[in-house]
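Here is the structure we will look at, set down as structure tokens.
The values are calculated or read from the model by the stated rules, or taken from the named source; none is laboratory data. This is a predicted model, so every value here is computed, not measured. All Cβ positions, even for glycine, are placed from backbone atoms using ideal geometry, and neighbour counts span all protein chains on display. Heavy atoms of the whole protein, side chains included, go into the accessibility calculation; ligands, DNA and RNA do not. Shrake-Rupley method; radii C 1.70, N 1.55, O 1.52, S 1.80 Å.
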Amino acid sequence: MKQSTSFHVAIVMDGNGRWATRRGLPRAAGHRAGAEAVRRVVRIAPGCGITALTLYAFSSDNWTRPAAEVSTLMRLFARHLRTETAELAAQGVKLTVIGRRDRLPHSLVTAIAAAEHGTAGGTRLDLRIAVDYSGRAAIRAGDLLPDVDLLIRTGGEQRLSDFLLWECAYAELWFTERMWPDFGAAHLAAAIHEFHSRDRRFGGLPTREAV
Ligand code: IPE
Ligand code: IPE
Ligand code: MG
């Protein structure tokens, strides 16, 4: 298979709640710290060769959480979209939000539209945030993204939790015990370093034998 020039990294940003609980803080504090980790990672991603970054922020199954936590998350998403748009545009980031919008608060839908409009000219990084996203629903609707090259999941669990099921068909999987709010440049670099050391065969033969 031809080497592609794009590098699509997807991240299941898990562990915000446990990060906070371990510090005796409310889960909301973990989500706020998680939002800071998003800022960090987005800023360094293009320098790591990443051309597309898809972040799992809220799954369609996360609606089953307590209403207070859900509304905290929705407010946090809207606030960050509003405060980050100018900087994202300045960094050449094109932001889009994937997933259902019909169940989101109206204020968030408005903030999403404004952020997408304000960053539409970005050409350095395709940043997608998955909100009310379900991989199964996306497949049923034919709403598919480019193939994922590297899938990272923080927080210790080793599962996809309905994220990019189709797109991860040949993704390299990288798991870390580290909680998402503690994830930073060094961990992203470690994941990418390991990615480059793996032999992606796509069903063919190992590179060294494929004469
Ligand atoms: C990930 O962290 C963020 C969302 C799913 C919204 P969690 O909130 O799942 O944190 P843990 O897994 O309970 O620690
Ligand atoms: C996956 O994390 C969804 C996001 C990170 C947004 P969850 O915390 O919802 O996943 P499970 O429940 O551990 O599978
Ligand atoms: Mg979790």
Label 7 Å along Cα→Cβ of Ser6; the range 32-62 residues with amide nitrogen under 18 Å?
45-56
State the Kirkwood hydrodynamic radius of the range 151-211 in Å, one decimal place, computed from all pairs of distinct Cα atoms.
13.3
State in Å² the accessible area per residue of the chain; use a 1.4 Å probe, count heavy atoms of protein chains only, and round to the nearest integer.
52
Helix 185-197 against the longest principal axis of the chain: what's the angle in degrees, Cα atoms only, rounded to the nearest 10?
30
Okay, helix-only estimate at 222 nm for the chain: each DSSP H run of n ≥ 4 adds -39500 (n - 2.57), divide by all residues, round to 500 deg cm²/dmol; what do you get?
-12500 deg cm²/dmol
Tilt of helix 106-118 relative to the longest C-alpha principal axis of the chain, in degrees (0 to 90, nearest 10)?
50
Relative contact order for the range 90-171: what is it in percent, counting Cα pairs under 8 Å that are at least 6 residues apart?
33
In degrees from 0 to 90, rounded to the nearest 10, what is the angle of the helix 67-90 Cα long axis to the longest principal axis of the chain?
60
In whole angstrom, how far apart do the alpha carbon centroids of the range 185-206 and the range 115-132 sit?
26
Starting from the Cα gyration tensor of the range 8-202, take the square roots of the eigenvalues, sort them a ≥ b ≥ c, and report rounded, prolate or oblate (rounded when a/c is under 1.5, otherwise prolate if a/b is larger than b/c, else oblate).
rounded
Report the gain in length on full extension from His106 to Leu173: 0.36 nm times residue separation, minus Cα-Cα distance, nm rounded to one decimal.
20.6 nm
The chain - charge dipole about Cα centre, Lys and Arg +1 at Cβ, Asp and Glu -1, debye rounded to 20
420
The chain, accessible surface, carbon-and-sulfur percent (1.4 angstrom probe):
53
What residues qualify as long-range amide H neighbours of Glu172, i.e. H under 5 Å apart, gap of 5 or more or another chain, H built at 1.01 Å from N?
Leu150, Leu151
